[in-house]
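**Q** Supplied in C-alpha coordinates, the structure appears directly below.
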Amino acid sequence: MLEEFPETLVNIEWHSAGYTPGDSDFADCYYYDSFGACYGVRGSMYGVGGIPHTQWNGVESFVGGWGGANWEPAYDNFVPIYQSMVGADTPYDIIINGLKEELQVTYEITVSLDADMSNANKKVEIIVVEDKIMSYWGAVGIDHNARNVGRHWLATEDLDVMYEGESQTFTGSFEIDGEAWNQDSVKIISLVQDYDTYEIFQVQQLNVNEFDTDQDGIMNNDDNCMTDYNPGQEDIDGDGMGDACDICDNANIFIPGNVNGDLWWYDTGNLDPTVSVDIFDVLRLADIVTSGDQESCGYQAGDMTGEGDVNVIDIIALVSMILDGTLGNVSLNQAGDSIL
(Lines give C-alpha, C1' and ligand atoms only; values in the text may rest on other atoms or scores of the structure.)
Protein backbone atom coordinates (compact mmCIF):
# COMPACT_ATOMS: atom_id res chain seq x y z
CA MET A 1 0.00 0.00 0.00
CA LEU A 2 2.88 2.38 0.64
CA GLU A 3 3.95 1.94 -2.97
CA GLU A 4 0.37 2.31 -4.19
CA PHE A 5 -0.39 5.47 -2.20
CA PRO A 6 3.00 7.19 -1.72
CA GLU A 7 1.61 10.72 -1.37
CA THR A 8 -1.19 10.05 1.10
CA LEU A 9 -0.13 7.09 3.24
CA VAL A 10 2.64 7.41 5.84
CA ASN A 11 3.58 4.71 8.32
CA ILE A 12 5.92 4.26 11.26
CA GLU A 13 6.95 0.80 12.46
CA TRP A 14 7.54 0.40 16.20
CA HIS A 15 9.20 -2.95 16.87
CA SER A 16 9.09 -5.15 19.94
CA ALA A 17 12.36 -6.90 20.71
CA GLY A 18 10.55 -10.25 20.73
CA TYR A 19 8.98 -9.81 17.30
CA THR A 20 11.71 -8.59 14.98
CA PRO A 21 13.68 -10.31 12.23
CA GLY A 22 16.64 -12.31 13.45
CA ASP A 23 19.76 -10.27 14.24
CA SER A 24 17.94 -6.99 13.53
CA ASP A 25 18.29 -3.84 15.62
CA PHE A 26 14.74 -2.65 14.94
CA ALA A 27 13.87 -2.44 18.64
CA ASP A 28 16.88 -0.21 19.39
CA CYS A 29 14.86 2.99 19.04
CA TYR A 30 15.65 5.95 21.26
CA TYR A 31 12.72 7.62 23.00
CA TYR A 32 14.32 11.01 23.60
CA ASP A 33 17.51 9.74 25.30
CA SER A 34 16.12 6.42 26.50
CA PHE A 35 17.51 3.50 24.49
CA GLY A 36 15.03 0.88 23.28
CA ALA A 37 12.01 2.57 24.86
CA CYS A 38 9.99 3.61 21.79
CA TYR A 39 7.88 0.48 21.46
CA GLY A 40 6.85 0.50 25.11
CA VAL A 41 5.80 4.15 25.08
CA ARG A 42 3.88 4.00 21.81
CA GLY A 43 2.38 0.62 22.64
CA SER A 44 1.11 1.89 25.99
CA MET A 45 -0.47 4.88 24.26
CA TYR A 46 -2.61 2.61 22.08
CA GLY A 47 -3.05 -0.27 24.51
CA VAL A 48 -1.18 -2.71 22.29
CA GLY A 49 -1.52 -6.33 23.33
CA GLY A 50 -1.56 -8.64 20.34
CA ILE A 51 1.02 -8.36 17.59
CA PRO A 52 0.85 -7.34 14.80
CA HIS A 53 -1.13 -4.25 15.73
CA THR A 54 -1.85 -1.42 13.30
CA GLN A 55 -3.22 1.92 14.47
CA TRP A 56 -4.84 4.09 11.79
CA ASN A 57 -4.73 7.85 12.32
CA GLY A 58 -4.40 7.09 16.02
CA VAL A 59 -8.06 6.14 16.40
CA GLU A 60 -8.76 2.85 14.62
CA SER A 61 -6.90 -0.34 15.46
CA PHE A 62 -6.53 -3.65 13.68
CA VAL A 63 -4.96 -6.57 15.54
CA GLY A 64 -3.69 -9.83 14.10
CA GLY A 65 -2.58 -11.18 10.77
CA TRP A 66 -2.61 -14.21 8.51
CA GLY A 67 -0.11 -17.04 8.57
CA GLY A 68 2.28 -18.10 5.85
CA ALA A 69 2.97 -14.59 4.58
CA ASN A 70 -0.53 -14.40 3.18
CA TRP A 71 -0.75 -10.63 2.78
CA GLU A 72 -3.82 -10.47 0.52
CA PRO A 73 -6.43 -10.65 3.31
CA ALA A 74 -4.53 -7.94 5.20
CA TYR A 75 -4.58 -5.72 2.12
CA ASP A 76 -8.30 -6.33 1.65
CA ASN A 77 -8.94 -5.26 5.24
CA PHE A 78 -6.58 -2.28 5.27
CA VAL A 79 -7.68 -0.59 2.04
CA PRO A 80 -11.22 0.21 3.26
CA ILE A 81 -9.78 1.71 6.45
CA TYR A 82 -7.41 3.86 4.42
CA GLN A 83 -10.14 4.95 2.01
CA SER A 84 -12.41 5.99 4.87
CA MET A 85 -9.75 8.39 6.16
CA VAL A 86 -7.83 9.71 3.17
CA GLY A 87 -8.81 13.16 2.00
CA ALA A 88 -10.41 14.19 5.29
CA ASP A 89 -10.31 17.95 5.87
CA THR A 90 -7.62 19.19 8.23
CA PRO A 91 -6.72 22.77 9.18
CA TYR A 92 -3.06 21.89 9.71
CA ASP A 93 -0.18 22.11 7.28
CA ILE A 94 3.32 20.82 8.05
CA ILE A 95 6.51 21.84 6.25
CA ILE A 96 9.74 19.99 7.06
CA ASN A 97 13.05 21.59 6.20
CA GLY A 98 16.60 21.52 7.39
CA LEU A 99 20.23 20.97 6.54
CA LYS A 100 22.29 17.79 6.38
CA GLU A 101 26.05 18.07 6.76
CA GLU A 102 27.64 14.64 6.61
CA LEU A 103 25.98 12.79 9.53
CA GLN A 104 24.69 15.86 11.35
CA VAL A 105 21.10 16.92 10.60
CA THR A 106 19.48 20.18 11.67
CA TYR A 107 15.73 20.35 11.16
CA GLU A 108 13.06 23.05 11.09
CA ILE A 109 9.41 22.01 11.19
CA THR A 110 6.67 24.60 10.69
CA VAL A 111 3.05 23.86 11.56
CA SER A 112 0.47 26.37 10.29
CA LEU A 113 -3.30 26.73 10.50
CA ASP A 114 -5.68 27.67 7.69
CA ALA A 115 -8.71 27.65 10.01
CA ASP A 116 -9.35 28.13 13.73
CA MET A 117 -8.74 25.00 15.80
CA SER A 118 -8.54 24.39 19.53
CA ASN A 119 -5.01 23.66 20.71
CA ALA A 120 -6.14 21.75 23.80
CA ASN A 121 -3.61 18.96 24.39
CA LYS A 122 -2.44 19.07 20.76
CA LYS A 123 1.11 17.84 20.29
CA VAL A 124 3.66 17.81 17.49
CA GLU A 125 5.63 14.59 17.24
CA ILE A 126 9.07 14.58 15.60
CA ILE A 127 10.41 11.13 14.73
CA VAL A 128 13.43 9.87 12.80
CA VAL A 129 12.89 6.68 10.81
CA GLU A 130 14.91 4.49 8.45
CA ASP A 131 13.06 3.21 5.40
CA LYS A 132 13.36 0.09 3.26
CA ILE A 133 15.55 -2.12 5.45
CA MET A 134 15.78 -5.51 3.76
CA SER A 135 15.37 -8.20 6.42
CA TYR A 136 14.85 -11.93 6.69
CA TRP A 137 11.62 -12.83 8.45
CA GLY A 138 12.25 -16.36 9.69
CA ALA A 139 8.65 -17.12 10.72
CA VAL A 140 7.56 -17.04 7.09
CA GLY A 141 10.95 -17.66 5.47
CA ILE A 142 11.09 -14.57 3.23
CA ASP A 143 13.18 -11.45 2.74
CA HIS A 144 11.12 -8.29 2.92
CA ASN A 145 11.61 -4.55 3.35
CA ALA A 146 10.80 -3.09 6.74
CA ARG A 147 9.29 0.34 6.11
CA ASN A 148 9.91 3.51 8.14
CA VAL A 149 11.35 1.78 11.19
CA GLY A 150 11.41 4.12 14.18
CA ARG A 151 15.01 5.00 15.06
CA HIS A 152 14.73 8.06 17.28
CA TRP A 153 11.60 9.62 18.74
CA LEU A 154 13.12 13.06 19.07
CA ALA A 155 10.41 15.18 20.62
CA THR A 156 6.78 15.67 21.59
CA GLU A 157 6.12 19.41 21.59
CA ASP A 158 3.12 21.44 22.72
CA LEU A 159 1.24 23.04 19.83
CA ASP A 160 0.24 26.59 20.77
CA VAL A 161 -1.36 27.90 17.57
CA MET A 162 -5.16 28.02 17.46
CA TYR A 163 -6.20 30.74 15.00
CA GLU A 164 -6.26 30.87 11.22
CA GLY A 165 -3.00 32.17 9.78
CA GLU A 166 -0.89 31.34 12.83
CA SER A 167 2.20 29.16 12.57
CA GLN A 168 4.71 27.64 14.95
CA THR A 169 8.22 26.42 14.20
CA PHE A 170 10.11 23.63 15.95
CA THR A 171 13.85 23.24 15.55
CA GLY A 172 16.47 20.77 16.66
CA SER A 173 19.19 18.44 15.49
CA PHE A 174 20.28 14.84 15.58
CA GLU A 175 23.13 12.67 14.38
CA ILE A 176 22.70 9.79 11.95
CA ASP A 177 24.20 6.51 13.16
CA GLY A 178 26.66 6.07 10.31
CA GLU A 179 27.40 2.46 11.23
CA ALA A 180 23.91 1.10 11.88
CA TRP A 181 21.76 3.15 9.49
CA ASN A 182 21.71 3.66 5.75
CA GLN A 183 21.94 7.45 5.70
CA ASP A 184 20.28 7.64 2.27
CA SER A 185 17.13 6.07 3.74
CA VAL A 186 16.74 8.30 6.80
CA LYS A 187 13.57 10.41 7.03
CA ILE A 188 11.99 12.85 9.43
CA ILE A 189 8.30 12.26 10.10
CA SER A 190 6.26 14.90 11.89
CA LEU A 191 2.63 14.67 12.92
CA VAL A 192 -0.01 16.67 14.78
CA GLN A 193 -1.81 14.50 17.34
CA ASP A 194 -4.52 15.08 19.94
CA TYR A 195 -3.25 13.56 23.19
CA ASP A 196 -6.79 13.25 24.59
CA THR A 197 -8.27 11.18 21.75
CA TYR A 198 -4.97 10.25 20.01
CA GLU A 199 -6.44 11.35 16.68
CA ILE A 200 -3.78 12.37 14.15
CA PHE A 201 -4.75 15.46 12.16
CA GLN A 202 -1.79 15.80 9.81
CA VAL A 203 1.48 14.05 8.98
CA GLN A 204 4.39 14.75 6.68
CA GLN A 205 7.61 12.91 5.89
CA LEU A 206 10.84 13.96 4.19
CA ASN A 207 14.10 12.19 3.42
CA VAL A 208 16.99 14.14 4.97
CA ASN A 209 18.66 14.25 1.54
CA GLU A 210 15.67 16.14 0.12
CA PHE A 211 15.65 19.31 2.21
CA ASP A 212 14.69 22.38 0.17
CA THR A 213 15.40 25.36 2.41
CA ASP A 214 14.30 28.05 -0.04
CA GLN A 215 11.30 26.07 -1.36
CA ASP A 216 12.28 26.58 -5.01
CA GLY A 217 11.88 22.93 -5.99
CA ILE A 218 15.64 22.26 -6.03
CA MET A 219 16.92 20.05 -3.23
CA ASN A 220 19.68 21.53 -1.05
CA ASN A 221 22.25 19.03 -2.29
CA ASP A 222 21.72 20.29 -5.86
CA ASP A 223 20.77 23.93 -5.20
CA ASN A 224 23.40 26.54 -6.11
CA CYS A 225 21.74 28.97 -3.66
CA MET A 226 20.26 26.98 -0.78
CA THR A 227 18.66 29.91 1.03
CA ASP A 228 17.63 32.08 -1.94
CA TYR A 229 14.65 31.22 -4.14
CA ASN A 230 16.01 30.57 -7.65
CA PRO A 231 14.19 27.76 -9.47
CA GLY A 232 16.06 28.60 -12.70
CA GLN A 233 19.48 28.08 -11.04
CA GLU A 234 20.99 30.92 -13.14
CA ASP A 235 24.78 31.15 -12.82
CA ILE A 236 26.18 33.71 -15.25
CA ASP A 237 29.82 33.12 -14.38
CA GLY A 238 29.58 29.34 -14.05
CA ASP A 239 31.34 29.24 -10.68
CA GLY A 240 28.76 26.96 -9.05
CA MET A 241 27.22 29.77 -7.00
CA GLY A 242 23.90 30.98 -8.39
CA ASP A 243 23.26 34.58 -9.35
CA ALA A 244 20.65 34.90 -6.60
CA CYS A 245 23.34 34.62 -3.91
CA ASP A 246 26.52 35.48 -5.86
CA ILE A 247 27.27 39.20 -5.96
CA CYS A 248 30.47 38.59 -7.93
CA ASP A 249 30.29 38.09 -11.70
CA ASN A 250 33.69 36.46 -12.25
CA ALA A 251 33.10 35.98 -15.96
CA ASN A 252 32.27 39.50 -17.10
CA ILE A 253 33.21 41.98 -14.37
CA PHE A 254 35.58 40.63 -11.74
CA ILE A 255 37.93 39.08 -14.27
CA PRO A 256 41.62 38.72 -13.30
CA GLY A 257 43.02 42.18 -12.69
CA ASN A 258 39.75 44.10 -12.37
CA VAL A 259 40.01 44.04 -8.59
CA ASN A 260 37.74 47.03 -7.95
CA GLY A 261 35.11 45.93 -10.48
CA ASP A 262 35.20 49.10 -12.59
CA LEU A 263 33.18 49.27 -15.79
CA TRP A 264 33.33 52.02 -18.40
CA TRP A 265 30.93 52.99 -21.18
CA TYR A 266 33.20 54.49 -23.84
CA ASP A 267 30.44 54.28 -26.42
CA THR A 268 27.23 55.69 -24.93
CA GLY A 269 25.30 54.11 -27.78
CA ASN A 270 26.53 50.66 -26.77
CA LEU A 271 24.96 49.12 -23.69
CA ASP A 272 27.87 46.69 -23.24
CA PRO A 273 30.40 48.10 -20.75
CA THR A 274 34.16 47.73 -20.99
CA VAL A 275 36.22 46.42 -18.09
CA SER A 276 38.86 48.84 -16.84
CA VAL A 277 42.13 47.69 -15.23
CA ASP A 278 44.39 50.48 -13.95
CA ILE A 279 46.29 51.88 -10.96
CA PHE A 280 43.09 51.91 -8.90
CA ASP A 281 42.98 48.12 -9.13
CA VAL A 282 46.54 47.99 -7.80
CA LEU A 283 45.54 50.18 -4.86
CA ARG A 284 42.47 48.05 -4.17
CA LEU A 285 44.53 44.87 -4.32
CA ALA A 286 46.99 46.37 -1.85
CA ASP A 287 44.07 47.09 0.50
CA ILE A 288 42.87 43.49 0.20
CA VAL A 289 46.33 42.09 0.98
CA THR A 290 47.01 44.38 3.94
CA SER A 291 43.55 43.92 5.47
CA GLY A 292 43.39 40.16 4.90
CA ASP A 293 40.02 40.55 3.18
CA GLN A 294 39.17 37.20 1.56
CA GLU A 295 35.42 37.73 1.19
CA SER A 296 35.21 40.57 -1.32
CA CYS A 297 34.68 40.03 -5.04
CA GLY A 298 38.10 41.54 -5.69
CA TYR A 299 39.91 38.73 -3.88
CA GLN A 300 39.51 36.21 -6.69
CA ALA A 301 40.10 38.87 -9.33
CA GLY A 302 43.35 39.75 -7.57
CA ASP A 303 44.78 36.23 -7.69
CA MET A 304 47.13 37.09 -10.55
CA THR A 305 49.45 34.11 -10.02
CA GLY A 306 46.60 31.61 -9.85
CA GLU A 307 47.91 30.08 -6.63
CA GLY A 308 44.70 30.65 -4.69
CA ASP A 309 46.44 32.78 -2.04
CA VAL A 310 46.38 36.52 -2.70
CA ASN A 311 49.50 38.30 -1.43
CA VAL A 312 52.18 40.86 -2.33
CA ILE A 313 53.37 38.68 -5.22
CA ASP A 314 50.00 39.24 -6.89
CA ILE A 315 50.41 43.00 -6.49
CA ILE A 316 53.79 42.84 -8.23
CA ALA A 317 52.33 40.63 -10.97
CA LEU A 318 49.45 43.05 -11.59
CA VAL A 319 51.79 46.07 -11.78
CA SER A 320 54.04 44.16 -14.18
CA MET A 321 51.12 43.27 -16.45
CA ILE A 322 49.94 46.86 -16.54
CA LEU A 323 53.43 48.12 -17.42
CA ASP A 324 53.87 45.40 -20.05
CA GLY A 325 50.45 46.06 -21.54
CA THR A 326 49.32 42.49 -21.02
CA LEU A 327 46.86 40.91 -18.65
CA GLY A 328 47.35 37.17 -18.62
CA ASN A 329 45.70 35.70 -21.69
CA VAL A 330 43.48 38.75 -22.25
CA SER A 331 44.11 40.76 -25.39
CA LEU A 332 43.89 44.43 -24.52
CA ASN A 333 42.12 47.25 -26.32
CA GLN A 334 39.49 44.97 -27.87
CA ALA A 335 35.80 45.55 -27.41
CA GLY A 336 34.66 44.01 -24.16
CA ASP A 337 38.21 43.32 -22.96
CA SER A 338 40.40 45.19 -20.48
CA ILE A 339 41.47 48.76 -21.21
CA LEU A 340 44.76 49.94 -19.67
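The values are calculated or read from the model by the stated rules, or taken from the named source; none is laboratory data. Predicted model, so just to flag it, every value in this text is computed and none were measured. Positions of Cβ are generated from backbone atoms using ideal geometry, with glycine treated the same way; all protein chains shown enter the neighbour counts.
**Q** Working carefully through the options ASP293, ASP314, find the one that is of a type in the set (D, E, K, R) and within 16 Å of PRO256 (Cβ to Cβ).
**A** Sole residue among the options that is of a type in the set (D, E, K, R) and within 16 Å of PRO256 (Cβ to Cβ): ASP314.
**Q** Moving on to the next point. Which pairs turn up if I take residues in segment 149-161 that are buried (at least 22 other Cβ atoms within 10 Å of the Cβ) and look for partners that are in a loop (DSSP other than H, G, I, E, B) and hydrophobic (A, V, I, L, M, F, W, C) with beta carbon separation below 6 Å, at least 6 apart in sequence or on another chain?
**A** Here the result reads VAL149/PHE26; GLY150/ILE12; GLY150/TRP14; GLY150/CYS29; ARG151/CYS29, each pair linking segment 149-161 to a residue that is in a loop (DSSP other than H, G, I, E, B) and hydrophobic (A, V, I, L, M, F, W, C).
**Q** Could I ask something else about it? Tell me, yes or no, whether segment 15-37 has at least one residue that is out of contact with any helix residue (DSSP H, G or I) (no Cβ under 7 Å at 6 or more places or on another chain), acidic (Asp, Glu) and under 19 Å from GLN204 (Cβ atoms).
**A** no
**Q** Might you check whether a residue that is of a type in the set (D, E, K, R) and either modelled with pLDDT under 95 or in contact with a Phe, Trp or Tyr (Cβ under 8 Å, 6 or more places away or on another chain) (or both) occurs anywhere in segment 37-47?
**A** Yes; the residues of segment 37-47 include at least one that is of a type in the set (D, E, K, R) and either modelled with pLDDT under 95 or in contact with a Phe, Trp or Tyr (Cβ under 8 Å, 6 or more places away or on another chain) (or both).
**Q** So in segment 210-256, with the set limited to residues that are buried (at least 18 other Cβ atoms within 10 Å of the Cβ) and of a type in the set (Phe, Trp, Tyr), which one is modelled with the lowest pLDDT?
**A** PHE254
Table: residues versus (1) at pLDDT 95 or above; (2) surrounded by 13 or more Cβ atoms within 10 Å (Cβ to Cβ); (3) of a type in the set (Gly, Ala, Ser); (4) in contact with a helix residue (DSSP H, G or I) (Cβ under 8 Å, 6 or more places away or on another chain).
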position: SER84; (1), (2), (3), (4): yes, no, yes, no
position: ASP93; (1), (2), (3), (4): yes, yes, no, no
position: LYS100; (1), (2), (3), (4): no, yes, no, yes
position: VAL111; (1), (2), (3), (4): yes, yes, no, no
position: ASN121; (1), (2), (3), (4): yes, no, no, no
position: ILE126; (1), (2), (3), (4): yes, yes, no, no
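Residue-by-condition table, conditions (1) small (Gly, Ala, Ser); (2) without any contact (Cβ under 8 Å) to a residue 40 or more places away in the chain; (3) assigned by TED's automatic domain parsing to the domain that holds ARG151:
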position	(1), (2), (3)
GLY217	yes, yes, no
ASP239	no, yes, no
GLY242	yes, yes, no
ASN252	no, yes, no
VAL282	no, no, no
ILE288	no, yes, no
ASP303	no, no, no
ILE313	no, yes, no
VAL319	no, yes, no
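To keep it simple, each residue is scored yes or no on (1) among the aliphatic types (A, V, I, L, M); (2) under 24 Å from VAL161 (Cα atoms).
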site: TYR75; (1), (2): no, no
site: PHE78; (1), (2): no, no
site: VAL105; (1), (2): yes, no
site: GLU108; (1), (2): no, yes
site: ASP114; (1), (2): no, yes
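**Q** Check ASP160, ASP223, ASP216 and return the single one that is within 16 Å of ILE94 (Cβ to Cβ) and in a loop (DSSP other than H, G, I, E, B).
**A** So the residue among ASP160, ASP223, ASP216 that is within 16 Å of ILE94 (Cβ to Cβ) and in a loop (DSSP other than H, G, I, E, B) is ASP160.
**Q** Sticking with this structure for a sec: How many of the residues making up segment 114-131 are under 19 Å from ILE189 (Cα atoms) and either under 23 Å from the mean Cα position of the chain (by Cα) or part of a loop (DSSP other than H, G, I, E, B) (or both)? Before the answer, list the steps.
**A** The first filter runs over segment 114-131 and keeps only residues under 19 Å from ILE189 (Cα atoms), leaving 122-131.
After this cut, where a residue has to be either under 23 Å from the mean Cα position of the chain (by Cα) or part of a loop (DSSP other than H, G, I, E, B) (or both) as well, the list is 124-131.
The qualifying residues number 8.
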